[in-house]
Amino acid sequence: MSNVEKEPGPQGASPAPSSENVKKEREYKDFGHEEEGPSKALVDMDTIELKAEDLYDKEKVDLETIVIDDVFKLLQCDDNGLTQEEAQRRLELFGPNKLEVEEQNPILQFLSFMWNPLSWVMEAAALVAIVLSNGEGLPPDWPDFVGIVLLLIVNSAIGFYEERNAGNAVKALMDSLAPKAKVKRGGQWSEIESANLVPGDMIAFKIGDIVPADCRLTEAINVSIDQAALTGESLPQTKKTGDQCFSGSTCKQGEAEGVVISTGPNTFFGRAASLVGQDDDTTGHLQKILAQIGSFCLVTIGIFVLAEIFVLYAGFRYRYRRGLDNILVLLIGGIPIAMPTVLSVTLAVGAQQLAKYKAIVTRITAIEELAGVTILCSDKTGTLTTNKLTIDRTTIRTYGPFSAEDVILLAAYASRTENQDAIDASVVTAMGDPARARAGIKLLDFKPFNPVDKRTEITYREESTGNLKRVTKGMTGVIIKLCTRNKTEDVENRLEADVEEFAARGLRALAVAYEEVDGDDFEAEGNGFELIGLLSIYDPPRDDTKQTIDEAIALGVRVKMVTGDQLAIAKETGRRLGLGDHMYPAKVLKDGPAPGGKHASLDDMIMDADGFAGVFPEHKYEIVKRLQGLGHLCAMTGDGANDAPALSRANVGIAVEGATDAARGAADIVLTEPGLSTIVHAIRQSRIIFQRMRNYSIYACAVTIRIVVCFAILAFTYKFDFPPFMILIIALLNDGTIMTLSVDRVLPSTTPDSWDLAEIFAFAIAYGLYLTASTVALVCIIKETNFFQDTFNVTLPTSNPVASNDPQLHMIVYLQVAIISQALIFVTRSHGFFFMERPSVALFVAFCIAQLIASIIAAYGDWGFTKIQAISGGWIGIVWVWNIVWFLPLDWVKFAMKATVIKKLRQRREAQLAEVASTGGITMHRTQSRAASIHESLYSNRVSFIKRAARKVGFGTKVSVKPEELQRFSSIQAQRVGATLARNPSRT
């Protein structure tokens with residue numbers, strides 16, 4: 001039976017009518033892809049010496065579409081396959097059919113975590129302690145050296161451990177390639193490692209096999225290919241002779257033979273792999289924030305170190321070693337020596353907490369970025385939807401005497417119950433109980449779907465009556481032509497209108513017809529088919545997807561659909577989920593907005609769109625990249641290999657449950673249970689973690705100001721030489737307490753978080769100067785008066801006046817600084833009064849233990865090498881009361897800052913945003929991710945200059961691709977195969 005209907009493209013354009021002598025022949029808009037016939041290469045195929053410009057000109061040569069004969073000529077092969085000698089030669093030319101994995105030296109990877117400015121200052125302090133301090137007959141400062149090195153090693157070890165645990169996306173992609181392939185060499189079929197396939201090989205595959213390389217089919221018997229994980233198309237694609245099959249797709253039905261046109265990194269699959277990790281040498285968002293916080297601390301320290309050098313050496317004529325100890329105090333105490341460690345522990349604990357919600361974190365810094373995500377780009381197939389075709393009961397149309405339930409039952413009769421394709425499975429599943437598809441009937445004859453007839457048919461005997469009946473289901477145009485009974489003009493008009501409505505909504509139409517057969521001969525003609533119903537098939541949304549999207553929007557996160565499926569399907573899914581149907585086909589990403597339209601630029605269009613349809617991996621990648629360029633932190637969900645490049649590029653890549661190894665390897669967060677509700681939990685949890693990190697950042701910067709300014713002033717005023725080792729003790733006690741911030745009780749924000757560093761630095765300066773005043777005032781009273789001695793009957797070894805470097809005065813200052821510095825965290829962690837927001841038990845207990853240790857050291861510490869001496873209980877009590885008196889007004893310092901400086905900063909920022917909005921710009925104010933500046937790149941967890949040097953000498957090379965070169969993968973890669981063969985003709 002000839003098939004005259006034409007499947008419309010995604011836009012559902014009306015077909016051109018054809019006329020007959022009597023009546024117009026109808027064409028029904030069954031939803032599907034526009035089929036294109038094979039083309040001819042616009043070059044002389046008798047001369048294989050093609051020029052490079054011809055090979056890159058897709059209008060002249062495109063191995064995806066040119067006729068098979070031209071493919072054989074271009075690839076210099078035939079249907080008998082290559083000889084072993086030629087295959088070996090091509091293997092040397094094109095390389096193996098597998099993806100390369102870049103191995104990183106673990107020692108170099110560990111050392112890379114010590115390669116950033118914060119670590120450099122720590123390392124410089126260690127060198128000062130062990131090398132430069134070795135003078136004037138005094139030994140090296142071993143205690144300080146050992147303490148600093150231990151902190152460095154702990155920090156690097158945590159980062160190294162986390163990174164080594166991260167999944168390798170390229171390796172996951174490689175592992176999902178078919179390990180074996182059936183190939184014809186020298187006219188004989190054999191099974192070889194798929195890695196040994198080359199362009200020009202003849203291969204064969206059958207149901208259940210993974211296609212081992214990109215190929216053009218030379219023979220296809222009832223072939224259906226599932227390429228949803230590559231292109232995002234929800235339906236398995238029927239393939240015929242001449243069609244292209246992608247490496248990594250799965251054969252769901254039939255058998256096929258084909259000629260290989262691309263292998264390894266040159267395939268559609270491999271090209272996607274090359275995009276994964278393309279940004280290896282760029283800096284992540286958290287590293288950029290650390291860069292700016294670190295720069296603030298370094299500049300502060302640098303200013304006061306230079307000041308000490310001039311004042312102490314030039315002004316006070318200090319000896320070499322004495323001045324060096326003062327500088328060590330600023331370096332050790334001023335640098336937030338454990339900042340990377342504290343943040344790593346906070347993130348690691350956060351990752352464990354996310355695991356309770358069935359979310360596995362493979363890149364730990366993604367937690368921080370998830371808190372600031374403003375746009376969630378979601379794949380449709382398998383992510384927003386179930387990737388399982390379903391009959392939409394609400395849209396069933398009936399045309400005969402049967403009800404909607406009867407139509408489903410008869411359609412189930414005309415479906416396979418074993419070895420089903422996706423459509424048969426959807427119809428049988430719609431019954432609820434699959435056994436009903438054969439209950440009460442005796443199967444006499446069944447004709448499965450095939451690409452020629454495009455329908456299924458069953459002839460059966462109804463057991464209750466003994467009557468023979470026949471049911472067929474299939475493409476609308478085919479079924480209506482079979483119908484001869486009760487086919488009126490009105491029925492045809494209704495059917496045509498219904499099919500057009502389905503196509504416009506992205507629903508695939510499936511017509512059902514019925515006839516009765518007289519007598520007992522099941523092969524006899526029936527009384528004529530009658531159209532009884534029209535079913536619509538679609539890929540339904542997951543049950544919790546709409547609620548998840550609503551919750552994400554309530555959290556200030558906008559959701560955009562990015563799918564490889566067709567535009568009408570995307571719009572219908574968007575409507576069902578409440579996303580909206582303001583979507584565009586992928587071609588607008590290349591063509592840009594229409595002239596005179598409401599969008600001035602492509603960026604405006606991307607921001608305004610609810611989603612994009614018909615996208616390929618490079619389109620998803622480009623959308624994410626442009627959104628990041630507009631200042632957004634972007635998350636991307638997906639489940640297939642086609643999503644891997646965008647998952648890798650996004651600030652936060654999320655692989656949903658059931659994702660391929662490729663997607664899981666490229667993602668930062670992997671969900672292990674169905675649905676997207678986990679993402680909302682992860683967003684809330686990440687915002688809690690963000691608040692903890694922000695609280696610590698304010699604290700760390702404040703302590704830097706407090707230590708540097710305080711001890712510089714004391715040195716300038718009283719020639720106060722505080723022992724460096726005691727600063728290290730303070731740092732260790734502080735960091736031990738601060739580690740418990742990782743489990744502190746905080747509330748998540750209701751909007752995306754962002755690092756407002758101006759506010760952080762403003763708070764830090766205010767707190768730091770206030771605490772500096774508390775210490776300087778205490779020292780001044782002790783040195784300039786006898787108030788404490790006379791009032792509380794306490795003494796010091798030296799008096800009238802107290803010596804600046806009295807060892808007990810050193811201990812008093814140590815205890816005062818240690819106690820009030822740690823107490824500051826209770827102020828930075830709260831938004832109101834510190835006692836109104838209860839801290840976690842762990843934080844409170846750790847604080848109490850640290851203060852107990854500090855007080856014990858003050859009471860019993862008598863370490864001569866540190867120039868300290870134990871103090872009495874009276875002095876310990878004085879210090880505690882002094883700190884309590886100074887601590888209580890700290891909340892008022894916070895409120896005063898909010899009412900003045902912070903208020904002005906926010907007003908200025910809002911004015912800037914309003915100005916941008918008034919000019920039609922994007923009203924976002926957020927640090928751009930993946931675009932490292934010079935100083936930010938120094939904080940990357942890579943030794944970038946070593947990696948670049950390694951590449952120059954040929955080590956660690958891997959596949960890469962520039963964004964501007966991205967095209968539809970396999971066509972340009974296949975052309976390169978022909979170009980290589982042309983430059984390297986066979987020797988035989």
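Data for the structure
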| read-out | value |
| --- | --- |
| Convex hull of Cα atoms in region 390-538, direction-averaged projection (nm²) | 8.4 nm² |
| Computed lengthening from ASP603 to LYS903, 0.36 nm per intervening residue step minus Cα-Cα distance | 104.8 nm |
| Computed accessible area, LYS239, all protein chains, 1.4 angstrom probe, square angstrom | 30 Å² |
| Distance between modelled label sites at ARG319 and ALA594, nm, 7 Å Cα→Cβ extension | 8.6 nm |
| Chain lengthening between ALA896 and PHE835 when straightened (0.36 nm per residue, less Cα-Cα) | 20.2 nm |
| Nitroxide proxy distance, nm - points 7 Å out along Cα→Cβ at ASP518 and ILE781 | 11.7 nm |
| Sequence of MET607, MET836 from largest to smallest accessible area, 1.4 Å probe | MET836, MET607 |
| Under-5 Å amide H pairs with THR637, H placed in peptide plane, nonlocal only | CYS377, SER378, ASP379, ILE654 |
| Residue-normalised accessible area of region 390-538, expressed per residue, 1.4 Å probe, Å² | 42 Å² |
| Whole-number accessible area per residue in Å² for region 821-910, which is evaluated in the context of all protein chains at 1.4 Å | 53 Å² |
| Cα pair distances in region 641-715, grouped into 10 Å bins until the bin that holds the longest one, percent each | 18, 29, 19, 14, 12, 7, 1 |
| Exposure of TYR718 as accessible area (Å², to 10), given a probe of 1.4 Å and all protein chains | 40 Å² |
| Accessible area (Å², 1.4 Å probe, nearest 10) - GLU915 | 120 Å² |
| With every protein chain in place, region 390-538: carbon and sulfur % of accessible area (1.4 Å) | 46 percent |
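The values are calculated or read from the model by the stated rules, or taken from the named source; none is laboratory data. Quick caveat, the model's predicted, so the values are computed rather than measured. We place every Cβ from the backbone using ideal geometry, glycine too, and count neighbours over all the protein chains shown. SASA here: full protein model, heavy atoms, side chains in, ligands and nucleic acids out. Shrake-Rupley method; radii C 1.70, N 1.55, O 1.52, S 1.80 Å.
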